[in-house]
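K.L.:
Please see the structure below; I have some questions.
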Amino acid sequence: MFHVVDTNIFDRPLLDELCELTTLVRTVAKPTEGARGLQRLAPTRRAMLYFTQPSTRTFLSMNNACHILGIRTSEIRHPEVSSEVKGETFEDSIRTFSSYVDLIIMRTPEAGYAARAAALMDSIPRPVPIINAGSGKDQHPTQALLDIYTLERSFEDSGGIDGKTIGMMGDLKRGRTARSLSRLMRHYEGVRLVFIAPDGFEMEPDIKAFLAEHNIPCEETGRLHEILPELDAIYVTRIQSEHDVDDESSAVNLAPFTVGTHELGLLKESAVVMHPLPRGPEITIEVDQDPRAMYWRQERNGMWMRVALIAKIFDLDQEIRDLASGLG
Ligand code: NCD
């Protein structure tokens, strides 16, 4: 494994391995001795976080994931403070970062830039791995990994993700998290997807074609209340108004696409409510008290999954297993 730009690099064995490694990392990190052991794994490595689109969770969890492994980080969070304002091309900027660090983690408002950075790396003498931390409306592969991990753990006593009915709700047209997660579902047996979106915000045809090609049943509905009792998980997303061309978000009536106490009453006892966060009004704060609310756990899982992923990129997974057996 080298670049993590697209969900298509993952297969079921790798997903299972990353989930297992994530749980192992959390166990190792608990005692001080284990946390110190992790920090000794990569203290000579350096990473660059290049985030030219707002981020709280992905930035902080990536940054802290690096620190957990002893990796030092530097960051650029606005193109205005890089030489791109002097007219330096995107490719020259990325090549420059790669002169100083061993890993580039990047988020951009447009699609395709992480792929361009990876293609550039593949053409230069000293390439470094690229991790896509969100590329426009298109993909967010590491979010999909932490979502898979959260789902697998939520269903660990009921056979994991296989055979589950998963609802995805909200702005499915412009939400990269739902798009990336949908694509990973092809690695699970017997999954049924239900897309619940306001008019005009439905999942794009490319994802629906992908699901059809991989024989994953998927339905679309605007009626949350009718479908809720059938769901094992509901993955709620916010309206991505930053992508508006014509203020189209402001016309959406979110009430029929909101999870609150009434909706919890319609949901199975064993089901989970997820959200990549940040949330808008689509999950009311009363839901936070319900044991089925999984989004805060999901955000913590994100840091541990990213430790596992970075460890895997740098071939540190066996050392983590050794640390775990050393702690006995
Ligand atoms: C998501 C994103 O940036 O796509 N946030 C995140 O990384 N957790 C979801 C969103 O912004 O709605």
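K.L.:
Output the number of residues of the range 282-303 satisfying the condition of being open to solvent by 10 Å² or more (accessible area, probe 1.4 Å) and either of a type in the set (D, E, K, R) or closer than 18 Å to Thr177 by Cβ (or both). Step through it out loud before you land on a result.
P.N.:
Taking the range 282-303 first, the residues open to solvent by 10 Å² or more (accessible area, probe 1.4 Å) are 284-286, 288-294, 296-297, 299-300, 303.
Among the residues that remain, those that are also either of a type in the set (D, E, K, R) or closer than 18 Å to Thr177 by Cβ (or both) are: 286, 288, 290, 292-294, 296-297, 299-300, 303.
Result for the range 282-303: 11.
K.L.:
For the structure I just gave you, tell me whether Ala178 is touching a residue at least 12 places away in the same chain (Cβ under 8 Å) and under 17 Å from Asn301 (Cβ atoms).
P.N.:
Working: touching a residue at least 12 places away in the same chain (Cβ under 8 Å): yes; under 17 Å from Asn301 (Cβ atoms): no.
In short, no.
K.L.:
Does Leu323 meet the test of being farther than 30 Å from Pro129 by Cα and away from the ligand (no atom under 16 Å from the Cβ)? First the steps, then the outcome.
P.N.:
Numbers: farther than 30 Å from Pro129 by Cα: no; away from the ligand (no atom under 16 Å from the Cβ): yes.
No, not satisfied.
K.L.:
Further, regarding this structure: Got at least one residue in the range 156-165 being surrounded by 19 or more Cβ atoms within 10 Å (Cβ to Cβ) and in contact with a Cys (Cβ under 8 Å, 6 or more places away or on another chain)?
P.N.:
no
K.L.:
Given the structure, is Ala144 at pLDDT 95 or above, crowded, with 24+ Cβ neighbours inside 10 Å, closer than 23 Å to Glu242 by Cβ and more than 16 Å from the ligand (Cβ to nearest atom)?
P.N.:
Numbers: at pLDDT 95 or above: yes; crowded, with 24+ Cβ neighbours inside 10 Å: yes; closer than 23 Å to Glu242 by Cβ: yes; more than 16 Å from the ligand (Cβ to nearest atom): no.
Criteria not met by Ala144.
K.L.:
Condition first: surrounded by fewer than 22 Cβ atoms within 10 Å (Cβ to Cβ) and either more than 14 Å from the ligand (Cβ to nearest atom) or of a type outside the set (A, V, I, L, M) (or both). Now tell me which residues in the range 49-65 satisfy that.
P.N.:
Applying the first criterion (surrounded by fewer than 22 Cβ atoms within 10 Å (Cβ to Cβ)) to the range 49-65 yields 51-57, 59-60, 63-64.
Within the range 49-65, Phe51, Thr52, Gln53, Pro54, Ser55, Thr56, Arg57, Phe59, Asn63, Asn64 meet the criteria.
Residues checked against (1) over 30 Å from Asp244 (Cα atoms); (2) of a type outside the set (Ser, Thr, Tyr); (3) open to solvent by less than 50 Å² (accessible area, probe 1.4 Å):
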position	(1), (2), (3)
His67	yes, yes, no
Arg72	yes, yes, no
Val85	no, yes, no
Ser93	no, no, yes
Asp102	yes, yes, yes
Thr108	no, no, yes
Ala111	no, yes, no
Ala119	no, yes, no
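K.L.:
Here is a list: Val273, Val252. Which entry is aliphatic (A, V, I, L, M) and open to solvent by less than 20 Å² (accessible area, probe 1.4 Å)?
P.N.:
On the way: Val252 fails: open to solvent by less than 20 Å² (accessible area, probe 1.4 Å).
None of the others qualify; the one that does is Val273.
The values are calculated or read from the model by the stated rules, or taken from the named source; none is laboratory data. Note that the structure is a prediction, hence the values are computed from the model and not measured. Cβ coordinates were reconstructed from backbone atoms using ideal geometry, including for glycine residues, and neighbour counts include every protein chain displayed. Ligands, DNA and RNA are stripped out before the accessible areas are found, and what is left, the full protein with its side chains, is counted by its heavy atoms. Shrake-Rupley method; radii C 1.70, N 1.55, O 1.52, S 1.80 Å.
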